[in-house]
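Worksheet for the structure shown next.
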Amino acid sequence: MERLQKILAQAGVASRRKCEELILAGLVEVNGETVTTLGVKADPATDVITVKGKPIRGEQKLYLMMNKPKGVITSASDPQGRKIVSDFLPGIKERVYPVGRLDYDTEGLLILTNDGEFANLLTHPSHHVPKTYLATVKGVPHGTALEKLQKGIKLEDGMTQPAEVEYQDVDPEKKQATIMITIYEGRNRQVRRMFDAINHPVSRLKRIRFGELGLMNLQRGKYRHLTPKEVQELRDMAVKTHKVQK
């Protein structure tokens, strides 16, 4: 017997937190009975579990890495008709969803999976998995400005955790600089807001690393399957950083 939200996540319905929302919304049934409270347990081998009237089924677990282009949204659909990440996944029949998000104007490394437990492990706030970006910013930040990011800077939703930052390139003619920054949180548009806070807005943002997983030479708009070793390394890092923070 397993908790219902765990069963749903393992079946690739959504992340565990999203599955909890589906349960609370009364969209999940077990043997014909609607479940609206968390903590209910079921046996996926013997119980009939449906979501929005459709029975769940075991799916092959997929773990993908994509080099997301700018101008693509990380959603299942878009009412405005913009491109979505699934448009770039030819041959993938299973429903996969992003592990965390990259906003419309941000490009680079995006992990996608149908393994809700894996997604939850990497994105849960208690698991401080590092994510590294190249941020091209307007102007050239002084060392004292970058020190604010290194120590943690106050945003409207609270202080950030200390970040790792270093100069990568300075272009005096264009009056801009490229900074490599590693953060250990996953707040909405966090890197952009951090640079806004030191008055050096981001003009281009690219994620190049998620944990130990690097973008390497994966072409823009392309994807590849993660190796079992890469998946395990990501799991291990999430567990390790969780223990370190305790």
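The values are calculated or read from the model by the stated rules, or taken from the named source; none is laboratory data. Note that the structure is a prediction, hence the values are computed from the model and not measured. Because the Cβ atoms are built from the backbone with ideal geometry, glycine has one as well, and the counts that use them run over all protein chains shown. All accessible areas refer to the heavy atoms of the entire protein, side chains included, with ligands and DNA or RNA removed. Shrake-Rupley method; radii C 1.70, N 1.55, O 1.52, S 1.80 Å.
Summary of computed values
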| quantity | calculated |
| --- | --- |
| Unique match (being open to solvent by less than 20 Å² (accessible area, probe 1.4 Å) and more than 29 Å from Met216 (Cα to Cα)) among Leu149, Leu155 | Leu155 |
| Filter result (within 13 Å of the chain's Cα centre (by Cα) and open to solvent by 20 Å² or more (accessible area, probe 1.4 Å)) within the stretch 91-116 | Val96, Tyr97, Pro98, Gly100, Arg101, Asp103 |
| Test: residue in the stretch 6-16 that is in contact with a helix residue (DSSP H, G or I) (Cβ under 8 Å, 6 or more places away or on another chain), over 28 Å from Leu89 (Cβ atoms) and in contact (Cβ under 8 Å) with a residue 40 or more places away in the chain | no |
| Residues (surrounded by 13 or more Cβ atoms within 10 Å (Cβ to Cβ), among the polar types (S, T, N, Q) and within 21 Å of the chain's Cα centre (by Cα)) located in the stretch 170-188 | Thr182 |
| Failed item in (1) at pLDDT 95 or above; (2) among the acidic types (Asp, Glu); (3) farther than 26 Å from Ile73 by Cα, with Glu173 passing the rest | (1) |
| Whichever residue in the stretch 189-208 is at pLDDT 95 or above and open to solvent by 90 Å² or more (accessible area, probe 1.4 Å) and, among such residues, is farthest from Ile73 (Cα to Cα) | Asn199 |
| Given (1) under 17 Å from Lys131 (Cβ atoms); (2) part of a helix (DSSP H, G or I); (3) among the basic types (Lys, Arg); (4) modelled with pLDDT of 95 or more, number of the condition Lys240 does not satisfy | (4) |
| Identity of the residue in the stretch 71-90, surrounded by 14 or more Cβ atoms within 10 Å (Cβ to Cβ) and over 22 Å from Lys61 (Cα atoms), that ends up farthest from the chain's Cα centre (by Cα) | Lys83 |
| The stretch 30-60, subset within 24 Å of Thr113 (Cα to Cα) and surrounded by 14 or more Cβ atoms within 10 Å (Cβ to Cβ), residue modelled with the lowest pLDDT | Glu59 |
| Residue match in the stretch 116-123 (condition: without any contact (Cβ under 8 Å) to a residue 40 or more places away in the chain, more than 15 Å from Ile183 (Cβ to Cβ) and not in a strand (DSSP E or B)) | no |
| Selection count, the stretch 125-144, where residues are exposed (fewer than 14 other Cβ atoms within 10 Å of the Cβ), of a type in the set (Ser, Thr, Tyr) and touching a residue at least 24 places away in the same chain (Cβ under 8 Å) | 1 |
| Close pairs from the stretch 64-75: first basic (Lys, Arg), partner modelled with pLDDT under 95 and open to solvent by less than 10 Å² (accessible area, probe 1.4 Å), Cβ under 6 Å, at least 6 apart | Lys68/Leu102 |
| Among (1) modelled with pLDDT of 95 or more; (2) open to solvent by 50 Å² or more (accessible area, probe 1.4 Å); (3) under 27 Å from the mean Cα position of the chain (by Cα) - the single one Lys68 does not satisfy | (2) |
